[in-house]
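Each remark here refers to the structure printed beneath this line.
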Amino acid sequence: MTDILGGTVLDPESGKTGAFDLRIADGVIQEIAAAGTLPEAQTDVIDASGKIVTAGLVDIHVHFRDPGFTHKEDILTGAEAAKRGGYTSVVMMGNTKPHPDNLETLRYMLEKGGQTGIHVYPCANVTMGMEGKQLTEMEALAAAGAVLFTDDGLPVTDEDIMREACKRAAALGKMISLHEEDHAYVKESGVNAGPVAQELGLTGASREAEYRMVERDIAIARETGCALDVQHVSCKESVALIRAARAEGLPVHAEATPHHFSLTEDAVRRYGTLAKVNPPIRTEEDRLAIIEGLKDGTIEMIATDHAPHAEEEKALPFVQAPSGMTGLENALSLGLRELVKPGHLSLLQLLRCMSTNPARIAGLPGGCVKEGAPADLLIFDPEAERTADRGVSRSSNTPFTGQAMPGVIQTVICKGKTVYGLV
């Protein structure tokens, strides 16, 4: 047994906050009592004085590059980065080699994820080889443990295939997570079609690439009843479309990434390929629209799109360099710095977007602090400051290294065991 004493407990699910002590045993929160009132027992003790005790973070959008691209990241190193960022649950995307479009690869991901000490869930692909031509055996993949379906990295451009995928996913009670970027509107990826792209001698990626796909897939959700997750929303038009869909009662959800709510296209001018991501970082107007979407609940989740690439790959000329940045280790701090401290979100709202909501939407356990719930917990000081370092991910392709960051994590507990920090 372990007792967590002296902290301020914040349950993002119920909103309950106060000075409580927790007792955990057998991977479960056994008891929550007013501070100083837990009955004596032979326990290990974690002193959380002056800290927030809350649910472990949940990220439904990470790339661990395993199998196939383990020079960038693998499941074990990705999980270490997740722990350091306060995460106890992550969902891996499927642009690996081979893809999780088959049972063998899915089982490999499940088995290796089980070695990490945290919850590492695999997705399965919507189409074979992410080629957009033939649907996977969705029923068998769901039965084997796939928690959602996605071809992330590529859109499902064929409308008939997308419609059939949605019908099958709806019958399974599974969500489809969508990279909404129609390449017909993308001349060069990773930079917004605008003045910064022009400075680079490029055309860039139009906002239409995203919002026209969002518009199409909302119509398919209306027709099929399939739950959809619009990944990494980047433009104000998409926010407006998702807001209207949710007001209509459609099962349409959305993610914001820390880089899309923290940066504008000027970051490409300043940081070069470290700020090259798909979809691209756009304008200040778009950034503020994403923040407004988080404030009013249009965008329910913050997901990192943690996308490691090797240093030599990011050192290539802009057009040749791959898109993506690492994000797990700085996501909570960026939420504090860019959303909580300016007054856009309360700490409770931030934590709900980073734990309760993604767990609920993806059908995962966790995201709460209550008796009988999994002992997946995060203890951190939101006021303490640190300097963002290189991190423990195998790659370090982020523009935030060296910046001052609020929020220092003391301890991460998963399945009742300390997996990061102080015991």
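Quick notes
- Restricting the range 16-55 to residues that are part of a loop (DSSP other than H, G, I, E, B) and among the polar types (S, T, N, Q), the residue that is nearest to Cys353 (Cα to Cα) is Ser49.
Residue-wise test of (1) closer than 16 Å to Ile281 by Cα; (2) in a helix (DSSP H, G or I); (3) among the acidic types (Asp, Glu).
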| position | (1), (2), (3) |
| --- | --- |
| Ala146 | no, no, no |
| Arg163 | no, yes, no |
| Ala170 | no, yes, no |
| Glu180 | yes, no, yes |
| Ala197 | yes, yes, no |
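- Count - residues of the range 221-238 that are crowded, with 17+ Cβ neighbours inside 10 Å and either touching a strand residue (DSSP E or B) at 6+ places or on another chain (Cβ under 8 Å) or assigned to a loop (DSSP other than H, G, I, E, B) (or both): 12
- Among the conditions (1) more than 26 Å from Ser355 (Cβ to Cβ); (2) assigned to a helix (DSSP H, G or I), the only one that Ile242 does not satisfy is (1).
- Within the option set Glu338, Glu313, Glu292, being under 28 Å from Ala184 (Cα atoms), of a type outside the set (A, V, I, L, M) and not in a loop (DSSP other than H, G, I, E, B) holds for one residue only, Glu313.
- Top-ranked residue in the range 391-406 [being of a type outside the set (Lys, Arg) and in contact with a Pro (Cβ under 9 Å, 6 or more places away or on another chain); ranked as farthest from Lys314 (Cα to Cα)]: Pro406
- Matching residues, the range 104-140, being assigned to a loop (DSSP other than H, G, I, E, B) and not charged (D, E, K, R): Gly114, Gln115, Thr116, Gly117, Ile118, Cys123, Asn125, Val126, Gly132, Gln134, Thr136
- Residues that are surrounded by fewer than 24 Cβ atoms within 10 Å (Cβ to Cβ) and more than 15 Å from Lys295 (Cα to Cα) within the range 248-269 comprise Glu248, Gly249, Leu250, Pro251, Thr264, Glu265, Asp266, Ala267, Arg269, listed in sequence order.
Yes/no per residue for (1) in contact with a strand residue (DSSP E or B) (Cβ under 9 Å, 6 or more places away or on another chain); (2) surrounded by fewer than 22 Cβ atoms within 10 Å (Cβ to Cβ); (3) in a helix (DSSP H, G or I):
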position	(1), (2), (3)
Ser333	yes, no, yes
Pro342	no, yes, no
Leu348	yes, yes, yes
Gly372	yes, yes, no
Glu383	yes, yes, no
Arg386	yes, yes, no
Ser393	yes, no, no
Thr398	no, no, no
Val412	yes, no, no
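- Looking across the range 298-315 at every residue that is crowded, with 24+ Cβ neighbours inside 10 Å and more than 12 Å from the chain's Cα centre (by Cα), the one that is farthest from Gly153 (Cα to Cα) is identified as Thr298.
- Of residues in the range 351-370 being part of a helix (DSSP H, G or I) and under 20 Å from Gly421 (Cβ atoms), the one nearest to the chain's Cα centre (by Cα): Met354
- Taking the criterion of being within 25 Å of Val408 (Cα to Cα) and charged (D, E, K, R), the residues of the range 26-73 that qualify are Asp44, Asp47, Lys51, Asp59, Glu73.
- Count of the range 122-151 residues, restricted to those that are closer than 23 Å to Leu76 by Cα and crowded, with 22+ Cβ neighbours inside 10 Å, is 10.
- Of the listed requirements (1) surrounded by fewer than 20 Cβ atoms within 10 Å (Cβ to Cβ); (2) free of Cβ contacts under 8 Å to residues at least 60 places away in the same chain, Asp21 misses just one: (1).
- Across the range 178-193, a minimum of one residue is classified as among the hydrophobic types (A, V, I, L, M, F, W, C) and within 29 Å of His119 (Cα to Cα).
- Qualifying residue in the range 76-87 (condition: among the hydroxyl-bearing types (Ser, Thr, Tyr), out of contact with any strand residue (DSSP E or B) (no Cβ under 6 Å at 6 or more places or on another chain) and assigned to a loop (DSSP other than H, G, I, E, B)): no
- The residue of the range 277-332 that is farthest from Gly194 (Cα to Cα), among those that are of a type in the set (S, T, N, Q) and touching a Gly at 6+ places or on another chain (Cβ under 9 Å), is Asn330.
Readers should treat all values here as calculations from the given coordinates under stated rules, not as data from a laboratory. Just so we're clear, the structure is a prediction, and the values are computed from it rather than from any experiment. Every residue, glycine as well, gets a Cβ built from its backbone with ideal geometry; the counts of neighbours run over all protein chains shown.
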